[in-house]
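Quick notes on the structure that follows.
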Amino acid sequence: MWLGASLVVVGDGRRGLAAGIALSTLGLAVLAFVTAGAVAAAAIAAGGAIAATRRSLIGPGGWEILAPGSTPRLVLCVATALVAFWIADAVTTGPVASLRFGLITGIALSAARVLSTAEPAAQLSAVAIVALCAASVGAIGSTEPGVWPYVVGGLVAALLGWLPMRSPIAA
C-alpha cells in the first residue's frame, strides 16, 4: 500500500501513476480479503484495476518517476511511512495494525499529492487511492464489516478515470 501511494506521489507520467494505483489496489484488496472476505476484495480489485487501466491510457506519457524537483516528495514518502508505522505499531493496539498502517499512509500521501500538484492526472490518481482507502476504514472498528463500502469505494475509484482532465486556467 505504501509503495503504491508513494509511486503516485513521486510519479508524474501515466505509467508511474497507473503502477501506483495498481500496487495500492493490490495491497488494499489483500487487506479487504482478510477483513471482509472475497466479495469486498473483488470490489476493491475491480475498481482499482479499472482506475489503473484508465490512468495508463490517459495522461502525460512515460513513467516520470523521481523527475527533477521531486526530492521533497520522496522525503515526504519516507517520513510518512515512519510516522504511520510508529502509530500503527506502538500507539494503537489490536489485530489490524497492518490495515491501519496502509490506510494512514495511503490517505496521507494521496491527500498530500492532491494538495501539492495542479496536474489533473496525478490529482485523480490520488483521489482514486483515497476512495479505495475510505472504503476500508470501516474494517478497523467493525466486527463484521459489510461489502457495500467496498463496492462504493471501488465504483468511485473506477469512475474517477472517466472524469475529464482539465488544467486550471488563470486569468
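Could you grab me the full set of residues in region 1-22 that are over 11 Å from the mean Cα position of the chain (by Cα) and either buried (at least 24 other Cβ atoms within 10 Å of the Cβ) or not aliphatic (A, V, I, L, M) (or both)? Selection gives G11, D12, G13, R14, R15, G16. Number of residues in region 31-74 that are in a helix (DSSP H, G or I), in contact with a helix residue (DSSP H, G or I) (Cβ under 7 Å, 6 or more places away or on another chain) and of a type outside the set (F, W, Y) equals 20.
In region 131-166, how many are in contact (Cβ under 8 Å) with a residue 12 or more places away in the chain and assigned to a loop (DSSP other than H, G, I, E, B)? Break it down stepwise before answering.
Of all residues in region 131-166, those in contact (Cβ under 8 Å) with a residue 12 or more places away in the chain come to 131-137, 139-140, 145-147, 149-158, 160-163, 165-166.
Remaining after also requiring assigned to a loop (DSSP other than H, G, I, E, B): 140, 145-147, 161-163, 165-166.
Here the count works out to 9.
Take the residues in region 111-130 that are among the small types (G, A, S) and without any contact (Cβ under 8 Å) to a residue 60 or more places away in the chain; name whichever of them is nearest to S56 (Cα to Cα). Out of the qualifying residues, it is A118.
Anything in region 35-54 that is out of contact with any Gly (no Cβ under 6 Å at 6 or more places or on another chain), buried (at least 22 other Cβ atoms within 10 Å of the Cβ) and farther than 13 Å from A131 by Cα? List them, or say none. Result: A36, A40, A52. Just checking, how many residues over region 75-119 are outside any loop (DSSP other than H, G, I, E, B), farther than 18 Å from L28 by Cα and aliphatic (A, V, I, L, M)? Within region 75-119, residues that are outside any loop (DSSP other than H, G, I, E, B), farther than 18 Å from L28 by Cα and aliphatic (A, V, I, L, M) number 12.
Against the definition (among the polar types (S, T, N, Q), in contact with a Lys or Arg (Cβ under 7 Å, 6 or more places away or on another chain), modelled with pLDDT of 90 or more and closer than 17 Å to G16 by Cα), how does S110 come out, yes or no?
On the way: among the polar types (S, T, N, Q): yes; in contact with a Lys or Arg (Cβ under 7 Å, 6 or more places away or on another chain): no; modelled with pLDDT of 90 or more: yes; closer than 17 Å to G16 by Cα: yes.
Spelling it out, it is not the case that S110 is among the polar types (S, T, N, Q), in contact with a Lys or Arg (Cβ under 7 Å, 6 or more places away or on another chain), modelled with pLDDT of 90 or more and closer than 17 Å to G16 by Cα.
Here's the yes/no breakdown for (1) surrounded by 15 or more Cβ atoms within 10 Å (Cβ to Cβ); (2) more than 20 Å from R55 (Cα to Cα); (3) among the acidic types (D, E):
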| site | (1), (2), (3) |
| --- | --- |
| A81 | yes, yes, no |
| F85 | yes, yes, no |
| A97 | yes, yes, no |
| S110 | yes, no, no |
| S116 | yes, no, no |
| S136 | yes, yes, no |
| W148 | no, yes, no |
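The values are calculated or read from the model by the stated rules, or taken from the named source; none is laboratory data. This structure is a prediction, so every number in the text was calculated from the model and none was measured. Cβ coordinates were reconstructed from backbone atoms using ideal geometry, including for glycine residues, and neighbour counts include every protein chain displayed.
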